[in-house]
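Enquirer: Following this message is one structure expressed as structure tokens.
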Amino acid sequence: MRELFESTVERLFGDLVTPELIWSTQKGEWPAALWNAVEESGFSIASAPEQLGGTGSSWNDLYVVIRAAGRHALPLPLPEALLANWLLGKAGIDAVSGPLTFAAESTLIFEDGKATGQLLDVPWGRHAEHVVAVSSGAVPMVMLLRARDGSQASLRLNIAGEPRDDLKFVDAQPVAAAPLPRALGKDVLLLGGAMLRSAQIAGALQHVLEATSRYASERSQFGRPIAGFQAIQHQLAVLAEHAASAMIASEAAFAESEASLAALSVMSAKLCAPKLRAAPPAPPTQYMVRSASRMNIRCISRRNDSGRGAASSVH
């Protein structure tokens with residue numbers, strides 16, 4: 001299943017996710033055609049159990065999908081939809097199609113069948129049809145809310161130009177609500193978000209490494225490819241080392257997360273990414289790539305930086 005997912009998603013994203021599309025989304029456009037293609041593939045509900053409308057795919061299988069989203073800078077809440085549908089499935093709620101996201105931080109209170117409170121830093125909140133959140137209180141509830149039922153929205157962007165919105169709800173009627181399984185902590189969405197970002201960062205680093213190495217082999221200076229210079233080779237080796245570290249750590253976190261999320265592995269994977277700030281990733285080569293506008297490294301790097309800051313409190 002994992003091999004099929006990887007070949008399908010790489011072909012899908014490779015054909016449809018272009019630099020022009022990514023930059024257009026940063027101007028506020030919603031890539032409806034891209035979302036429709038992704039939804040038709042069935043990936044958005046793959047994490048939900050079969051009896052609840054999904055395919056029952058494991059996080060180990062879905063790792064390649066999340067990594068590809070980071071590798072291609074996918075401008076859609078596909079990783080968020082996978083985590084949201086996974087949690088809905090754990091609570092016994094049917095999978096949801098359409099643009100779906102989650103709120104890792106919320107002040108929601110569930111009383112008398114109504115939800116009141118605020119959802120903070122909701123990825124793609126302005127474009128989502130539904131949002132999944134966990135309420136506070138003695139009995140935490142997994143709630144599925146309609147985004148349009150929010151009484152107020154504060155629209156913001158992260159440093160990569162992706163929507164990160166605050167949504168306020170007052171006496172909103174959830175589409176569905178169920179108690180949070182005891183095996184899962186109240187911070188399940190925060191932990192899950194960190195796991196998602198670790199895989200996306202690993203995919204982004206993989207893209208940067210491949211693009212930088214390829215350009216270093218193509219670009220010649222003083223009569224030979226710059227990849228032959230020792231200084232460039234050293235910087236490429238440093239980048240490869242950290243890309244491999246992020247890949248291994250994030251994949252281990254997904255492999256060990258089955259019935260519940262492997263907290264220690266997730267935190268380890270997330271910690272691998274911020275450490276990359278201390279290691280300059282082949283800057284001479286990347287500057288030339290960016291100035292030549294031959295690779296989509298600038299956008300990838302910005303998303304990489306935004307991912308490092310996301311769900312940082314799990315550290």
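Enquirer: So, in region 147-160, of the ones that are assigned to a loop (DSSP other than H, G, I, E, B) and more than 30 Å from Ala183 (Cα to Cα), which residue ends up modelled with the lowest pLDDT?
Expert: Our first condition is that a residue be assigned to a loop (DSSP other than H, G, I, E, B); within region 147-160, this holds for 150-151, 155-156, 158-160.
Adding the requirement that they be more than 30 Å from Ala183 (Cα to Cα) leaves 151, 155-156, 158-160.
Values: Ser151: 91, Leu155: 94, Arg156: 93, Asn158: 88, Ile159: 84, Ala160: 81.
It comes out as Ala160.
Enquirer: Please enumerate the residues belonging to region 16-32 that are of a type outside the set (Ser, Thr, Tyr) and either surrounded by 19 or more Cβ atoms within 10 Å (Cβ to Cβ) or touching a residue at least 12 places away in the same chain (Cβ under 8 Å) (or both).
Expert: Kept after step one, since they are of a type outside the set (Ser, Thr, Tyr), are these residues of region 16-32: 16-17, 19-23, 26-32.
Once the filter is applied, which keeps residues that are of a type outside the set (Ser, Thr, Tyr) and either surrounded by 19 or more Cβ atoms within 10 Å (Cβ to Cβ) or touching a residue at least 12 places away in the same chain (Cβ under 8 Å) (or both), region 16-32 yields Leu16, Val17, Pro19, Leu21, Ile22, Trp23, Gln26, Trp30, Pro31.
Enquirer: Residues in region 93-102: is at least one in contact with an Asp or Glu (Cβ under 7 Å, 6 or more places away or on another chain), among the polar types (S, T, N, Q), more than 16 Å from Trp35 (Cα to Cα) and assigned by TED's automatic domain parsing to the domain that holds Gly161?
Expert: No; the residues of region 93-102 include none that is in contact with an Asp or Glu (Cβ under 7 Å, 6 or more places away or on another chain), among the polar types (S, T, N, Q), more than 16 Å from Trp35 (Cα to Cα) and assigned by TED's automatic domain parsing to the domain that holds Gly161.
Enquirer: Can you go through Leu167, Leu83, Leu144 and tell me which one is assigned to a strand (DSSP E or B) and either within 27 Å of Gly54 (Cα to Cα) or not assigned by TED's automatic domain parsing to the domain that holds Trp30 (or both)?
Expert: Exactly one residue qualifies, and that residue is Leu144.
Enquirer: Restricting attention to helices (runs of 4 or more DSSP H) lying wholly within region 211-311, give those where 1 or more residues are among the charged types (D, E, K, R) and at pLDDT below 85.
Expert: Output list reads 283-292, 297-309.
Enquirer: What residue, of Ser217, Ser136, Ser151, is farther than 27 Å from Ala115 by Cα, more than 15 Å from the chain's Cα centre (by Cα), surrounded by fewer than 21 Cβ atoms within 10 Å (Cβ to Cβ) and polar (S, T, N, Q)?
Expert: Unique residue meeting the criteria: Ser217.
Enquirer: Could I ask something else about it? With respect to Ala68, is the statement that it is crowded, with 23+ Cβ neighbours inside 10 Å and either modelled with pLDDT under 95 or not in a loop (DSSP other than H, G, I, E, B) (or both) true?
Expert: Answer is yes for this residue.
Enquirer: Among Gly56, Gly98, Gly113, which is within 17 Å of Trp30 (Cβ to Cβ) and out of contact with any Phe, Trp or Tyr (no Cβ under 7 Å at 6 or more places or on another chain)?
Expert: Result: Gly98 is the single residue among Gly56, Gly98, Gly113 that is within 17 Å of Trp30 (Cβ to Cβ) and out of contact with any Phe, Trp or Tyr (no Cβ under 7 Å at 6 or more places or on another chain).
The values are calculated or read from the model by the stated rules, or taken from the named source; none is laboratory data. These figures come from a predicted structure and were not determined experimentally. Heads up, the Cβs are rebuilt from the backbone with ideal geometry, glycines too, and the neighbour counts pull from every protein chain shown.
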